[in-house]
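Trainee: Before I ask anything, here is the structure I am working with.
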Amino acid sequence: MSREFIPAAKPIIGDEERAAVDAVMASGMVVQGPQVAAFEEEFSSQVVAGVHCVAVNSGTSAQHLATLASKLESKAGGTPEVIVPSFTFAATGNSVAITGARPVFADIDPVTFTLDPESVEAAITDNTVAIEVVHLYGLPANMGAIMEIADRHGLAVFEDCAQAHGAAINGKPVGTFGAWGSFSFYPTKNMTTLEGGMVSTADAELARRVRLLRNQGMEKQYANELVGLNNRMTDVAAAVGRVQLKKLDEWTERRRANATALDAGLAAVPGVLTPAVPDGYRHVYHQYTIRLEGASGAERDAAQSALREEWQVGTGVYYPIPNHRLESLAPYAEGVELPNTELVARECLSLPVHPSLSQADLDRIVQAVAAVVKAGA
Ligand SMILES: Cc1ncc(COP(=O)(O)O)c(C=O)c1O
């Protein structure tokens, strides 16, 4: 039987976005201008409860510039250390390392996939200056415990919100807990500007420094105050972002409804662990990630192939190699052992959850996972 392939992700970019791009092109004002300013304001009020927002050209730039703007310095005089998860996209550790600070990898909770507070506490040294959480897959990290540890040790908290637009704990949005949050607008994210990113912060001075850093250290033209870069967002990208922002809430509700349907279908499948959401946490399901309990990496990869070949269901593995074992970041991780990270890297599999799925798609995904897991058992 020929079936249409269900992709793991499907960016939705339509006529309204095209019209917005055309209008900016016709205006002649294409780089950082009025669209960027309006996008910052709208993102601020819709997503991060009105705190300052600074738009840049990628999620990586957002966390890079915010880290630079944080002026990390260890009171003990050594290289400043930022505790990060290893189970994330490499941008998290990269954006720390590229500033000259040291990413220190901590383990995750294997149920929520986010930083394990106990592992974070064990990684603190005299040179630790900050903890950077990742709200992975769209689920907020355990901010109650993380903020308590940070307060007790006098550490800053940074939030990688690249996958978590609109996620919240008891109504408080991610990107408003720590010193700053960074968002990504890469095409597969919950909303896109093609490439793009945003820094959120309640600290006006930090926001100002990020604005300077994204534009050669200039606020007033040619009166450069500090050494900066060019990480500006274009007005074309911002115009796309403004259209997407209007649809974000509806898309998020569809992701959440799709997740509920997958939960219901997969709950009774032996060997499949569905995502857990702590009480009061709003998960925005950038990914719907299951664990194939007890699978080796090769078994998980075989399940992924079978889903694609036999059922035409696309899936993703985020992430097969934990950051502390990447050639690039391993030099920061000598002797580091992260058993939960290793376990989840072997067992994780992200199923389609994007807003374009039909009921028939959801039914096929459930049926396919159940059949593939049973065949592999
Ligand atoms: C967890 C995480 N952090 C950071 C980034 C970096 O964002 P970008 O690709 O927009 O630079 C991503 C995006 O892929 C991500 O998933």
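Trainee: Using the Karplus curve 6.51 cos²θ - 1.76 cosθ + 1.60 with θ = phi - 60°, work out ³J(HN,Hα) for each residue of the stretch 81-89 in order, rounded to whole Hz, and write x for Gly and Pro.
Mentor: For the stretch 81-89, the Karplus curve yields 10, 10, 7, 9, x, 8, 8, 6, 6 Hz.
Trainee: So for the stretch 143-280, taking the charge dipole from beta-carbon charges (+1 Lys/Arg, -1 Asp/Glu), which of A167, N231, A276 sits furthest toward the positive end?
Mentor: N231
Trainee: Which one of V227, V96, V47 has the biggest mean-square fluctuation once the chain is modelled by GNM with Cα springs under 10 Å?
Mentor: Comparing V227, V96, V47 in a Gaussian network model of the chain, the most mobile one is V227.
Trainee: Explain nothing, just the number: dipole magnitude of the chain about its Cα centre with +1 on each Lys and Arg Cβ and -1 on each Asp and Glu Cβ, in debye rounded to the nearest 20. Could the numbers behind the result be given before it?
Mentor: Working: 29 positive and 44 negative charges, 135 e Å.
Taking the Cα centre of the chain as origin, the dipole is about 640 debye.
Trainee: Quick one: what are the phi-derived ³J(HN,Hα) couplings along the stretch 14-26, Karplus 6.51/-1.76/1.60 with θ = phi - 60°, whole Hz, x for glycine and proline?
Mentor: Ordered by residue, 3J(HN,Hα) equals x, 4, 5, 5, 4, 5, 5, 5, 4, 4, 5, 4, 5 Hz.
Trainee: Taking the Cα centre of the stretch 248-376 as the origin and placing charges on Cβ (Lys, Arg +1; Asp, Glu -1), which of A333, W251, G376 is farthest toward the positive end of the dipole?
Mentor: Among A333, W251, G376, the one farthest towards the positive end of the dipole of the stretch 248-376 is W251.
Trainee: Just subtract the alpha-carbon distance of D301 and A76 from 0.36 nm times their residue separation and send over the number in nm, one decimal.
Mentor: Working: separation 225, 0.36 × 225 = 81.00 nm, distance 4.51 nm.
My answer for the length gained is 76.5 nm.
Trainee: In nm, to one decimal, how far is the modelled label at R3 from the one at E41, with both set 7 Å along Cα→Cβ?
Mentor: 4.9 nm
Trainee: Next question, about the same structure. Which ordering of C348, C161 is given by a fewest-first count of other beta-carbon atoms within 10 Å?
Mentor: Working: C348 25, C161 36.
The most exposed by this proxy come first: C348, C161.
Trainee: For E293, project a label point 7 Å along Cα to C-beta. Then give me every residue of the stretch 243-286 with its amide nitrogen under 12 Å of that point.
Mentor: 267-274
Trainee: Among L362, L343, which comes first, second and so on when ranked by fewest other beta-carbon atoms within 10 Å? It would help to have the intermediate numbers written out before the result.
Mentor: On the way: L362 22, L343 18.
Placing the least packed residue first, the sequence is L343, L362.
Trainee: Please find, in a Gaussian network model of the chain (springs between Cα atoms separated by less than 10 Å), the residue of A239, A257, A141 whose mean-square fluctuation is greatest.
Mentor: Taking springs between Cα atoms under 10 Å, the residue moving most is A257.
Trainee: As a quick test, which of the pairs K10/K246; K172/K247; K75/K189; K10/K247; K71/K247 have an alpha carbon distance above 26 angstrom in this structure?
Mentor: Values: K10/K246 18 Å; K172/K247 20 Å; K75/K189 37 Å; K10/K247 15 Å; K71/K247 36 Å.
Too far apart for the 26 Å limit: K75/K189; K71/K247.
Trainee: Here's something else I'd like to know. Where both partners of a DSSP beta bridge lie in the stretch 15-243, what percent of those bridges are antiparallel, to the nearest 5? Intermediate values should be presented prior to the final figure.
Mentor: On the way: 13 of 29 bridges.
Bridges in the stretch 15-243 are about 45 percent antiparallel.
Trainee: Between V284, V317, V344, find the one with the highest GNM mean-square fluctuation for the chain; connect C-alpha pairs within less than 10 Å.
Mentor: For the chain, modelled as a Gaussian network with Cα springs under 10 Å, the answer is V317.
Bear in mind that the values in this text are calculations on the coordinates, not laboratory data. Nothing here was measured: the structure is a model prediction, and the numbers come from that model. Positions of Cβ are backbone-derived with ideal geometry, glycine not excepted, and every protein chain shown enters the neighbour counts.
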